[in-house]
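The values are calculated or read from the model by the stated rules, or taken from the named source; none is laboratory data. Because the structure is predicted, anything quoted here is derived from the model rather than measured. Neighbour counts run over all protein chains shown; Cβ positions are idealised from the backbone, glycine included. Side chains are part of the model used for accessible areas, which takes the heavy atoms of the whole protein and leaves out ligands, DNA and RNA. Shrake-Rupley method; radii C 1.70, N 1.55, O 1.52, S 1.80 Å.
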Amino acid sequence: MIRSFKIFILLVLLMTVTFAAAYAEPQITGQSGILIDTRGKILWSKNPHEKMYPASTTKILTALLVLENGNLDDTTVTSFNARNQIGSSLYLDEGETINIRDLLYGLMLRSGNDAAVVAAEYVSGSVEEFALLMNKRAVELGALNSNFVNPNGLHHEDHYSTAYDLAMIARYAMTIPEFREIVQTTTTTIPWPSEQWDRRLDNGNRLLTRYQGATGIKTGYTPNAGGTFVGSASRDGFELIAVTLQSSHTFDDAIAILDYGFDNFEQHLIFSDNQSIAKAAVRFGDRVQVNNIGEVYFTEKKDVSLDIKVSPNISDLEAPVKAGVMAGNVDISVNGESIASLPLMTVTETERKITTFWWFYAIVLVTIYIPIRLSIFLRRRRKKRRMIRKRSYYRQTWSRY
């Protein structure tokens, strides 16, 4: 009996420790860090808006801008300035021609500082002009506390970002299929014209081989920035992005942050595509069915219930209405937080009712109303004539007497 009681107590303690460990927030060596889902919801953070040196995580934005403004099948030529960049390098020769697709692999896997300058000059003509484009695009992506002066992240006092800003930039970059393909590649080769062998590119992101479901993204290091890292992982369609800055153990930090996310949060499908929303009223026609376009997901802690509210805003529709017509939007909130607004589209159709056309009433007037009125008029006329004849008869009769 006593033995069974001790075993029971031990199991309770073990479960308590396990439960506490699962819900404990991550302890990282980084000065700053953040965890977000692909919708941009912050699940955990540590000094997320503190301005810090991003080092080579800068190259996430550089690659994004090349993909948005260039062509992967283009080629470009290495300049003297690119050839003489310090730090990690592809060892590009001045005047060397390189394919843009290969350039991006060299940028993101080898973290070539020379490749970053080649990319900047390819897109904007100069590093200075490219930096202007970087800052403009960063603001558009919600990175409001960053300033970039070069495309590679080499140290500069005025080159800084934040964990939050890098997460927002990475979140968008991961929506680009070509970017996603590059950053989850562990090793590849690209041509090396001046040598008898190809350049071998090994991805410095060890998360790809150490962590289940890892999908990217970019490492970085300078003596001033320390270790910097933006990492991502996906499990059962649930993807998270973790950032750690000025860290002495970037991959351990990222694993701790991602583990916290997967252990404590889950993604809920709030709205699937093409759900029935409402029967919309149509002027001059019958009601039509409207459905939403697109899916909505929401991330919440595993032990939190969801209070979902749906508010359709249906446009004024006038018959005839065909299927496939845009018909307003539906606003969706979860636990009091507005999370999405999806467009609505008609999936059934209606013709205009015949009774709503002017000529319908003209036909009714001609075929029904006018004959009836004419019949009434004729009856009254006949009645009036009979009365006149009767009066005339009585007058003649009385006049004889």
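Numbers for the structure displayed
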| read-out | value |
| --- | --- |
| Of all residues making up the range 276-297, the number that are more than 16 Å from GLU318 (Cα to Cα) and either of a type outside the set (Gly, Ala, Ser) or assigned to a loop (DSSP other than H, G, I, E, B) (or both) | 8 |
| Criterion violated by SER234 - all others in (1) out of contact with any Lys or Arg (no Cβ under 8 Å at 6 or more places or on another chain); (2) more than 18 Å from THR38 (Cβ to Cβ); (3) among the polar types (S, T, N, Q) satisfied | (2) |
| Whichever residue in the range 78-93 is in contact (Cβ under 8 Å) with a residue 24 or more places away in the chain and not in a loop (DSSP other than H, G, I, E, B) and, among such residues, is least open to solvent (accessible area, probe 1.4 Å) | ALA82 |
| Extreme residue, most open to solvent (accessible area, probe 1.4 Å), among residues of the range 303-316 that are in a loop (DSSP other than H, G, I, E, B) and out of contact with any His (no Cβ under 8 Å at 6 or more places or on another chain) | ASP316 |
| Residue among ALA319, ALA327, ALA340 that alone is open to solvent by 20 Å² or more (accessible area, probe 1.4 Å) and of a type outside the set (Asp, Glu) | ALA340 |
| Failed item in (1) within 23 Å of THR228 (Cβ to Cβ); (2) touching a strand residue (DSSP E or B) at 6+ places or on another chain (Cβ under 6 Å), with ASP102 passing the rest | (1) |
| Tabulated pairs, the range 62-76, first more than 19 Å from ARG137 (Cβ to Cβ), second polar (S, T, N, Q), C-beta under 7 angstrom, 6+ apart or interchain | THR75/THR97; THR75/ASN99 |
| Among (1) within 30 Å of ARG352 (Cα to Cα); (2) open to solvent by 10 Å² or more (accessible area, probe 1.4 Å); (3) in a strand (DSSP E or B), the one test that GLU300 misses | (1) |
| Matching residues in the range 29-39 - criterion: being open to solvent by less than 20 Å² (accessible area, probe 1.4 Å) and assigned to a loop (DSSP other than H, G, I, E, B) | GLY30 |
| Every pair of residues 6+ apart whose Cβ atoms lie under 7 Å, when the first sits in the range 296-307 and is closer than 20 Å to ASP236 by Cα while the second is of a type in the set (Val, Ile, Thr) | VAL296/ILE270; VAL296/ILE332; VAL296/ILE339; TYR297/ILE270; PHE298/ILE270; PHE298/VAL334; PHE298/ILE339 |
| Residue that is modelled with the highest pLDDT [pool: residues in the range 353-394 that are under 30 Å from SER315 (Cβ atoms) and open to solvent by 70 Å² or more (accessible area, probe 1.4 Å)] | LYS353 |
| Single residue of ARG110, ARG83 found to be charged (D, E, K, R) and over 16 Å from ILE190 (Cβ atoms) | ARG83 |
| Selected residue (only one of GLU96, GLU25 is among the charged types (D, E, K, R), in contact (Cβ under 8 Å) with a residue 12 or more places away in the chain and surrounded by 17 or more Cβ atoms within 10 Å (Cβ to Cβ)) | GLU96 |
| Candidates PRO223, PRO193, PRO177, filtered to the one that is without any contact (Cβ under 8 Å) to a residue 60 or more places away in the chain, out of contact with any strand residue (DSSP E or B) (no Cβ under 6 Å at 6 or more places or on another chain) and surrounded by fewer than 21 Cβ atoms within 10 Å (Cβ to Cβ) | PRO177 |
| Matching option when the condition is open to solvent by less than 70 Å² (accessible area, probe 1.4 Å) and either acidic (Asp, Glu) or part of a helix (DSSP H, G or I) (or both), among LEU43, LEU72, LEU64 | LEU64 |
| The range 129-165, subset under 18 Å from ILE86 (Cα atoms) and free of Cβ contacts under 8 Å to residues at least 12 places away in the same chain, residue least open to solvent (accessible area, probe 1.4 Å) | HIS156 |
